[in-house]
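Heads up, the thing below is written out as structure tokens.
No lab work stands behind these numbers, since they all come straight from the coordinates. Just so it is clear, the structure is predicted and the values come from calculations on it, not from any experiment. Here the Cβ is made from the backbone with ideal geometry for all residues, glycine too, and neighbour counts use every protein chain on show.
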Amino acid sequence: MVKDKPKIAPHLQPILESVPDPEIPVLTILDLGMIREATEVDGEVYVKLSPTYSGCPATDVIGDDIRTAFKKHNMTAHVEFVISPPWTTKWITEDGKRKMREYGIAPPLSESADKQALLEGKKVVPCTLCRSTNTHMVSQFGSTPCKALFKCDDCLEPFDYFKCLI
Amino acid sequence: MNKQALYDYILGVTDNSLILGQRLGELCGHGPSLETDIAITNIALDLLGQCRSYYQYAAKLKGGDTTEDSIAMLRTEREYVNVLLVEQPNEHFGYVIARQFLFDVFHLLQMQELQKSKDETLASIAAKNIKETLYHTRFSSDWIKRLGDGTEVSHAKIQEAINDLWPYTKELFEVTESDQEMIDAGIGVDVSKLKDAYYKQVAEVLEEATLKVPEGKYFHKGGKQGIHTEHMGPLLAELQYMQRTYPNMNW
């Protein structure tokens with residue numbers, strides 16, 4: 001979909017890339033697909049940010065972090081939160097998913113696999129350590145709004161699964 | 001368009017989430033197990049997050065000194081228009097789950113309709129809320145089944161909670177004056193039309209959980225007119241404590 005594609009001015013890209021997610025610091029806000037638009041007019045930067053979960057306390061911190069990052073480059077950032085279209089895990093980049101996995105969080109699966117894992121108890125979420133899918137859900141909710149808790153039944157590693165949000 | 005009616009309508013939708021969020025927040029660090037504690041506080045966080053979007057919009061409509069915080073924190077009891085169900089106390093885990101379930105099923109139906117609203121802001125807030133509300137509904141439905149179809153004790157306790165909270169369900173479908181005005185304008189949801197779907201869905205889950213659908217014919221109401229149960233005062237005292245004690249305090 002056209003409206004799903006973010007509009008980011010190329011010269012602002014590296015600055016946005018330097019802003020990590022406060023809860024999952026290996027990921028940048030670009031990896032998560034949270035930036036919908038970034039444009040500059042004479043040193044004034046306008047950023048449209050799509051919050052992940054409504055109550056996620058990281059959202060305000062991210063707004064501050066963006067302003068700080070641009071300030072270092074003598075630019076003033078104006079951050080606007082946009083909730084339409086709503087953020088989806090589909091916007092997480094492939095690179096973002098890879099980093100997530102390496103960090104120990106299983107990235108979101110497809111919508112149907114996600115449903116099987118969270119609702120039907122199917123063993124489809126691969127362990128982030130040994131890659132076995134012999135895993136089970138420990139808790140539907142995890143340490144942050146975006147995650148559920150899983151455990152591997154082969155290597156016994158407990159890990160987070162980033163829930164699919166369509 | 002009547003701005004005041006829209007403002008009142010928004011509060012009618014949102015106060016439910018605020019008050020339920022506050023109730024759930026009381027359990028932070030006190031849940032029966034780590035997983036349920038995390039789940040309940042996550043749900044509380046979602047509900048409060050949802051409130052912020054609505055109250056920000058309401059504050060913009062109202063103008064003047066009104067802010068999302070003043071709407072959430074500085075009204076008097078009679079000015080809150082949440083349904084009585086969500087202010088009911090936690091009692092035991094059965095009550096927490098029963099209240100959540102009886103609200104979630106309604107909330108989801110309401111959001112599914114509200115996303116079709118002619119008011120773009122409300123429609124987009126609802127579209128975002130649906131995903132979270134769906135997940136809450138799954139959580140509470142699962143627990144209804146686990147407790148109902150669990151041990152003799154869990155069955156008795158969840159049935160007790162369902163029976164006690166049942167008289168608060170009918171109020172969900174009451175249409176107020178400002179609701180009607182917004183329904184006529186194509187903005188609000190006609191909740192009276194959700195009633196059949198609601199009781200059908202609730203009955204299905206209760207049946208699967210081997211629980212009885214209560215048959216009582218007596219129902220409470222008043223929340224939507226600001227007339228609350230005795231549990232509301234203490235809840236507000238805690239919710240508003242900080243803003244009342246240190247006015248205009250910020251993070």
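Can you work out which of the residues in segment A:63-102 that are within 11 Å of chain B (Cβ to nearest Cβ) and in a loop (DSSP other than H, G, I, E, B) is nearest to A:HIS11 (Cα to Cα)?
That would be A:VAL82.
Got at least one residue in segment B:22-29 being assigned to a helix (DSSP H, G or I), closer than 23 Å to B:PRO247 by Cβ and more than 14 Å from chain A (Cβ to nearest Cβ)? Spell out the reasoning first.
Step one: of segment B:22-29, the residues assigned to a helix (DSSP H, G or I) are B:22-25.
If we keep only those that are closer than 23 Å to B:PRO247 by Cβ as well, we get B:22, B:25.
Adding the requirement that they be more than 14 Å from chain A (Cβ to nearest Cβ) leaves none.
No: zero hits.
Taking segment B:30-40, which residues are more than 8 Å from chain A (Cβ to nearest Cβ) and crowded, with 18+ Cβ neighbours inside 10 Å?
B:THR36, B:ILE40
Would you point out the residue of segment B:104-144, among those that are facing chain A (nearest Cβ under 9 Å) and within 21 Å of B:ILE162 (Cα to Cα), that is surrounded by the most Cβ atoms within 10 Å (Cβ to Cβ)?
Ranking the candidates gives B:TYR135 first.
Part of a helix (DSSP H, G or I), farther than 23 Å from B:TYR168 by Cα and out of contact with any strand residue (DSSP E or B) (no Cβ under 9 Å at 6 or more places or on another chain): is that true of B:TYR95 in this structure?
Numbers: part of a helix (DSSP H, G or I): yes; farther than 23 Å from B:TYR168 by Cα: no; out of contact with any strand residue (DSSP E or B) (no Cβ under 9 Å at 6 or more places or on another chain): yes.
Here the answer is no, as B:TYR95 does not meet what is asked.
When you go through A:LYS123, A:LYS147 one by one, which is the residue that is under 30 Å from B:GLU120 (Cα atoms) and among the basic types (Lys, Arg)? Full working, then the answer.
Values: A:LYS123 fails: under 30 Å from B:GLU120 (Cα atoms).
Result of the check over A:LYS123, A:LYS147: A:LYS147.
Looking at A:SER18, A:SER54 in this structure, which one is of a type in the set (Gly, Ala, Ser), within 16 Å of the chain's Cα centre (by Cα) and within 14 Å of chain B (Cβ to nearest Cβ)?
Details: A:SER18 fails: within 14 Å of chain B (Cβ to nearest Cβ).
Sole residue among the options that is of a type in the set (Gly, Ala, Ser), within 16 Å of the chain's Cα centre (by Cα) and within 14 Å of chain B (Cβ to nearest Cβ): A:SER54.
Does B:ILE162 fit the bill of being buried (at least 16 other Cβ atoms within 10 Å of the Cβ) and part of a helix (DSSP H, G or I)?
Values: buried (at least 16 other Cβ atoms within 10 Å of the Cβ): yes; part of a helix (DSSP H, G or I): yes.
In short, yes.
Taking segment B:59-91 as the search range and keeping residues that are outside any loop (DSSP other than H, G, I, E, B) and surrounded by 22 or more Cβ atoms within 10 Å (Cβ to Cβ), which one is nearest to the other protein chains (Cβ to nearest Cβ)? Before you say what the answer is, go through the steps one by one.
Taking segment B:59-91 as the starting set, the residues that turn out to be outside any loop (DSSP other than H, G, I, E, B) are B:59-62, B:68-73, B:77-79, B:84-87.
After this cut, where a residue has to be surrounded by 22 or more Cβ atoms within 10 Å (Cβ to Cβ) as well, the list is B:71-72, B:84-87.
On the way: B:ILE71: 17, B:ALA72: 13, B:LEU84: 24, B:LEU85: 21, B:VAL86: 17, B:GLU87: 20 Å.
The selected residue is B:ALA72.
Across segment B:103-154, what is the number of residues that are within 22 Å of B:VAL13 (Cα to Cα) and assigned to a loop (DSSP other than H, G, I, E, B)?
5
What residue, among those in segment B:41-54 that are among the aliphatic types (A, V, I, L, M) and touching a helix residue (DSSP H, G or I) at 6+ places or on another chain (Cβ under 6 Å), is nearest to the other protein chains (Cβ to nearest Cβ)?
Initially, segment B:41-54 is screened for residues among the aliphatic types (A, V, I, L, M), giving B:43-45, B:47-48.
Remaining after also requiring touching a helix residue (DSSP H, G or I) at 6+ places or on another chain (Cβ under 6 Å): B:43-44, B:47-48.
Numbers: B:ILE43: 8, B:ALA44: 8, B:LEU47: 7, B:LEU48: 5 Å.
Looking at residues that are among the aliphatic types (A, V, I, L, M) and touching a helix residue (DSSP H, G or I) at 6+ places or on another chain (Cβ under 6 Å), I get B:LEU48.
Considering only segment A:57-81, how many residues are more than 16 Å from the chain's Cα centre (by Cα) and among the β-branched types (Val, Ile, Thr)? Give the steps one after another, and end with the answer.
Step one: list which residues in segment A:57-81 are more than 16 Å from the chain's Cα centre (by Cα), which gives A:64, A:67-80.
Checking which are among the β-branched types (Val, Ile, Thr) leaves us with A:68, A:76, A:79.
Selection size over segment A:57-81: 3.
For the subset of segment A:104-163 comprising residues that are touching a residue at least 40 places away in the same chain (Cβ under 8 Å) and of a type in the set (Phe, Trp, Tyr), which member is nearest to A:THR52 (Cα to Cα)?
A:PHE162
Is there a residue in segment B:195-212 that is of a type in the set (A, V, I, L, M, F, W, C), crowded, with 17+ Cβ neighbours inside 10 Å and within 17 Å of the chain's Cα centre (by Cα)? I'd like the intermediate steps shown before the answer.
Here is the first cut: in segment B:195-212, the ones of a type in the set (A, V, I, L, M, F, W, C) are B:197, B:202-203, B:205-206, B:209, B:211.
Next, only the ones that are crowded, with 17+ Cβ neighbours inside 10 Å stay: B:202, B:205-206, B:209, B:211.
Narrowing the set further to residues that are within 17 Å of the chain's Cα centre (by Cα) leaves B:202.
Yes, segment B:195-212 contains a residue that is of a type in the set (A, V, I, L, M, F, W, C), crowded, with 17+ Cβ neighbours inside 10 Å and within 17 Å of the chain's Cα centre (by Cα).
Being crowded, with 17+ Cβ neighbours inside 10 Å, without any contact (Cβ under 8 Å) to a residue 60 or more places away in the chain and part of a helix (DSSP H, G or I) is the filter here, so list the residues in segment A:20-62 that pass it.
A:THR59, A:ILE62
Quick one: how many residues across segment B:180-235 are in contact with a Leu (Cβ under 6 Å, 6 or more places away or on another chain) and among the basic types (Lys, Arg)?
Residues meeting the conditions: 0.
Got a sec? Which of A:LYS5, A:LYS48 is basic (Lys, Arg) and touching a strand residue (DSSP E or B) at 6+ places or on another chain (Cβ under 7 Å)?
Numbers: A:LYS5 fails: touching a strand residue (DSSP E or B) at 6+ places or on another chain (Cβ under 7 Å).
On inspection, the qualifying residue turns out to be A:LYS48.
Looking only at residues that are within 17 Å of A:GLU23 (Cα to Cα) and not aliphatic (A, V, I, L, M) in segment A:99-141, which one is surrounded by the fewest Cβ atoms within 10 Å (Cβ to Cβ)?
To start, the set of residues in segment A:99-141 that are within 17 Å of A:GLU23 (Cα to Cα) comprises A:99-108, A:141.
Keeping just the survivors that are not aliphatic (A, V, I, L, M) gives A:99, A:101-104, A:107-108, A:141.
Values: A:LYS99: 18, A:ARG101: 16, A:GLU102: 10, A:TYR103: 14, A:GLY104: 14, A:PRO107: 20, A:PRO108: 24, A:PHE141: 24.
Of everything passing the filter in segment A:99-141, A:GLU102 is surrounded by the fewest Cβ atoms within 10 Å (Cβ to Cβ).
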